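Accompanying notes for the structure given below.
The values are calculated or read from the model by the stated rules, or taken from the named source; none is laboratory data. Owing to the predicted nature of the structure, the values given are computational and were not obtained by experimental measurement. Heads up, the Cβs are rebuilt from the backbone with ideal geometry, glycines too, and the neighbour counts pull from every protein chain shown. Heads up: the accessible areas ignore ligands, DNA and RNA and are worked out on the full protein's heavy atoms, side chains in. Shrake-Rupley method; radii C 1.70, N 1.55, O 1.52, S 1.80 Å.
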Amino acid sequence: MSSPFAINGGACVAMVGKDCVAIACDLRLGLQALTVSNNFPKIFSYGDVYLGLTGLATDVSTVSDLFRYKVNMYRLREERNIAPSTMANLVSSSLYERRFGPYFVSPVVAGIDQKSGKPFICGFDSIGCIDFAKDFIVSGTASDQLFGTCEGLWEPDLGPEDLFETISQALLNAVDRDALSGWGAHVYIIEKDKTTKRLLKGRQD
Amino acid sequence: MTMFSQNPLMNGPNYSFSQTPTMASGANKEHSFYPYTDNGGSTLAISGNDFMIMAGDTRSTSGYNINTRYSPKVFKIGGTTSSQDDATLVLSVVGFAADGHALKEKLDAIVKMYRYQHGKPMSVKACAQRLSTILYGKRFFPYYVTAILGGLDEDGKGAVYSYDPVGSYEREQCRAAGAAASLIMPFLDNQVNFKNQYIPGSGEGHALVERAKDPLPLVVVEALVKDAFDSAVERHIEVGDGLSMMLITKNGIEEKFLPLKKD
Amino acid sequence: MADRYSFSLTTFSPSGKLVQIEYALNAVNQGVTALGIKATNGIVLATEKKSSSPLIDPPSLSKVSLITPNIGMVYSGMGPDYRVLVDKARKVSHTGYKRIYNEYPPTRILVQDVARVMQEATQSGGVRPYGVSLLIAGWDEGVEPESEEAATADEGPEGKKPTGKTGGILKGGPMLYQVDPSGSYFPWKATAIGKSATSAKTFLEKRYTEGLELEDAVHIALLTLKETIEGEMNGETVEIGIVGPPAHHLLGVDGVEGAQGPRFRKLSPQEIEDYLTNL
């Protein structure tokens, strides 16, 4: 239990639908078995792109702030929002910069490319290796459980409402089988020009 | 490489593939023997109103190697013939295959003896308790297995009993065990016990009314088992090759085999 | 090494001028004329390739350079300084952008990076300003969805009047910039630098029209060059680089999903000869 990735707990998942993507996270923050907070969201918005971060909570905060800075600088320099695929490469290169002293986070990127309208999701390991997936990306202490629920529940071309139901069920049932994750969830359904954020109650134990 | 040299002058015998430590004479050698191996694989049991399904993949691994693509983990228990045609119970074992095999043989013998002595098949409830006793009997050198026992109870309802390696057991609606248990179990919670499913518009937050736990028909459960294993195969390297299923109804035990992905 | 007791050679004169920069501009204004014209569907960069001796082997001399697959550059002024800037521009396009975002910089970003390099030479110790002005031409993929394919030459049958507005980070399209030794940069529709810049610009003002196409732009570029050129005009004495449609034949590979050929390419002497015969 001394893995930095499993001290604070937490889970995150992203899914592709038809002309939409979804990203969701749990809200728990713990110190091993002790729950410290039940309001610690792990998804951060950067314009058109959403970044989910699980792992060591201090690194989750640091990395989310670092990318807030980097994306703001990008926007000022280039007078445009950062595209999801560009963000993915920025995350990758930024993490690899810390190759021998990594941030203990497992990031997930989700968004819709404003130019092509195509959904985009990807995940990373803590040193920036990108996992481009066509279906879903999971991360966090409940990743095994999420793999199971996502593999079982996900199907191609889900509309926004069905995608919301799918990702919510995948996340809630996964975190209910992980002692380090849970305590409610945030779910973002991202369409080309609309993003819906929902708060899920979930089991409080 | 001196490892395979068979040189009698070398420090120790050279007939083994395992390298004999070559060190200065007089230095202490640490020898160790670890009697367990994890042979991977996964099992799954779901009970219904008048049936139960026990399933397990047939892959056996050690590390990244595949020992065989067909080594069943689900067994009929306590039949009177070698074909086990008249068995009423099923046992699945996952973990260390040798222990699993030994455990199955032992339980089978005991249940057979019970049948001969009592002139009737053992009830699943009795067998469940007996299995716990067997496992606890080796409390300090356990069978390294997660066992699941299945059958029909006195009322003809499907029964699933799940165990830890030292005999702690519980009757459950459904249970996944083995390498992909963490993947399958939350899926089962959702699809068998309808966890996190509520009736739309029935309330706010925790006041929502849970979806009724209607008993699932056999065809639905069978489809769930296949889906669960297909998912597990997709994401776990120790699961695959074949799916061995036992469907227990009042008509006896039906065996089914389905291919799974071999990659 | 030289961080201590090394002072900027470019210092203000009492009247508020940086005379070193003016000297650098003088060097530029003695340079061979180079020009750039932006069309709706591309850009042309052109210059004269002057050799001091008939013994020089012209094909091995190159004044128009590729910086990224979609960005090219030409200069007027001191050749050695230019080559240093080409090296730095190519390097910074990777270190400052591609290695971070895995894509090449938009034209304006590259121009700013090159302009920064040139500005730093006006404020740093122990260095002199670069004796060149640059014309940087590039094509940007816009971020807005391509609604009516306005960027790609063929005007739709709806008869939408071609506006001169091209480029820009949101819309995408061709961009043409001039960068001076001071580090200042300007976006142009068409311009010229070097010895005959003034007369060439007057000429361009007359010939330039809104909604110009690349082929016309190449034509105008050669006409402009003809007015100022001193020697003979042929495929070996004129150098042209164009930013146009993706050149798939230059990609080198086939069947890679999403792969696009470079938009910037230099015209071969034969291609230039062909344009010259049609002049």
With respect to C:GLY235, determine if the residue is at positive phi and either buried (at least 22 other Cβ atoms within 10 Å of the Cβ) or not in a strand (DSSP E or B) (or both).
-> no
Given the conditions (1) open to solvent by 20 Å² or more (accessible area, probe 1.4 Å); (2) modelled with pLDDT under 75, which single one is not true for C:GLY167?
-> (1)
Enumerated strands (runs of 3 or more DSSP E) restricted to segment A:1-59, each holding at least 2 residues that are of a type in the set (A, V, I, L, M) = A:11-16, A:20-26, A:29-31, A:34-37, A:49-55
A:ARG68 vs. criteria more than 30 Å from B:ASP189 (Cα to Cα), open to solvent by 40 Å² or more (accessible area, probe 1.4 Å) and under 16 Å from the mean Cα position of the chain (by Cα) = yes
If you go through segment C:105-134, how many residues are farther than 30 Å from A:SER116 by Cβ and in contact with a Phe, Trp or Tyr (Cβ under 7 Å, 6 or more places away or on another chain)?
-> 7
Taking segment B:35-49, which residues are under 25 Å from B:LYS262 (Cα atoms) and part of a strand (DSSP E or B)?
-> B:SER42, B:THR43, B:LEU44, B:ALA45, B:ILE46
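Quick grid of which residues meet (1) farther than 25 Å from C:ALA24 by Cα; (2) in contact with a Leu (Cβ under 8 Å, 6 or more places away or on another chain); (3) of a type outside the set (Val, Ile, Thr):
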| residue | (1), (2), (3) |
| --- | --- |
| C:THR191 | no, yes, no |
| C:SER199 | no, no, yes |
| C:TYR208 | yes, no, yes |
| C:GLY211 | yes, no, yes |
| C:GLY235 | yes, yes, yes |
| C:GLY252 | yes, no, yes |
| C:GLY261 | yes, yes, yes |
| C:ASN278 | yes, no, yes |
Counting only residues that are within 11 Å of chain C (Cβ to nearest Cβ) and either free of Cβ contacts under 8 Å to residues at least 24 places away in the same chain or open to solvent by 10 Å² or more (accessible area, probe 1.4 Å) (or both), how many does segment A:76-109 have?
-> 14
Close pairs (8 angstrom Cβ cut-off, 6 or more residues apart or separate chains): closer than 18 Å to C:ARG207 by Cβ in segment C:32-53, among the aromatic types (Phe, Trp, Tyr) and part of a loop (DSSP other than H, G, I, E, B) anywhere = C:GLY36/C:TRP188; C:ILE37/C:TYR208; C:LYS38/C:TRP188
Evaluate the following for A:VAL21: is it within 28 Å of A:ASP157 (Cα to Cα) and crowded, with 17+ Cβ neighbours inside 10 Å?
-> yes
Across segment C:62-108, what is the number of residues that are within 12 Å of chain A (Cβ to nearest Cβ) and more than 16 Å from the chain's Cα centre (by Cα)?
-> 11
Residue check for A:ASP48: buried (at least 20 other Cβ atoms within 10 Å of the Cβ) and modelled with pLDDT under 95 | yes
Scanning segment A:96-122 for residues that are closer than 23 Å to A:LYS194 by Cα and of a type in the set (Gly, Ala, Ser), which turns out nearest to the chain's Cα centre (by Cα)?
-> A:ALA110
Within segment A:151-165, which residues are touching an Asp or Glu at 6+ places or on another chain (Cβ under 8 Å) and either facing another protein chain (nearest Cβ under 10 Å) or open to solvent by less than 20 Å² (accessible area, probe 1.4 Å) (or both)?
-> A:GLU151, A:GLY152, A:TRP154
Counting only residues that are surrounded by 18 or more Cβ atoms within 10 Å (Cβ to Cβ) and over 28 Å from C:LYS49 (Cα atoms), which one in segment C:109-122 is farthest from the other protein chains (Cβ to nearest Cβ)?
-> C:THR122
Please identify the pairs in which a residue from segment B:194-219 that is over 16 Å from A:SER168 (Cα atoms) and of a type in the set (Val, Ile, Thr) has its Cβ atom under 9 Å from the Cβ atom of a residue that is open to solvent by less than 50 Å² (accessible area, probe 1.4 Å) and not in a helix (DSSP H, G or I), counting only partners at least 6 apart or on another chain.
-> B:VAL209/B:SER202; B:VAL209/B:GLY203
Within segment C:85-107, tally of residues that are closer than 25 Å to C:LEU267 by Cβ, assigned to a helix (DSSP H, G or I) and in contact with a helix residue (DSSP H, G or I) (Cβ under 9 Å, 6 or more places away or on another chain) | 3
Of these, A:ILE112, A:ILE130, which one is open to solvent by 20 Å² or more (accessible area, probe 1.4 Å) and away from chain B (no Cβ under 14 Å)?
-> A:ILE130
Scan of segment A:167-176 for residues that are within 11 Å of chain B (Cβ to nearest Cβ) and either touching a residue at least 40 places away in the same chain (Cβ under 8 Å) or open to solvent by less than 30 Å² (accessible area, probe 1.4 Å) (or both), ordered by number | A:SER168, A:GLN169, A:ALA170, A:LEU171, A:LEU172, A:ASN173, A:ALA174, A:VAL175
Could you say which residue among B:GLU204, B:GLU170 is over 26 Å from A:PHE147 (Cα atoms) and more than 19 Å from the chain's Cα centre (by Cα)?
-> B:GLU204
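Listed here are the residues, each with its yes/no results for (1) under 27 Å from B:THR68 (Cα atoms); (2) away from every other protein chain (no Cβ under 13 Å).
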| site | (1), (2) |
| --- | --- |
| B:PRO142 | yes, yes |
| B:SER162 | yes, yes |
| B:GLU172 | no, yes |
| B:ARG175 | yes, no |
| B:ASN190 | no, no |
| B:LEU224 | yes, no |
| B:MET245 | yes, yes |
Residues satisfying the stated conditions in segment A:85-140, i.e. charged (D, E, K, R), touching a Cys at 6+ places or on another chain (Cβ under 8 Å) and not in a loop (DSSP other than H, G, I, E, B) | A:ASP131
Taking A:VAL60 as meeting all but one of (1) surrounded by 14 or more Cβ atoms within 10 Å (Cβ to Cβ); (2) over 22 Å from A:GLY10 (Cα atoms), write down the number of the exception.
-> (2)
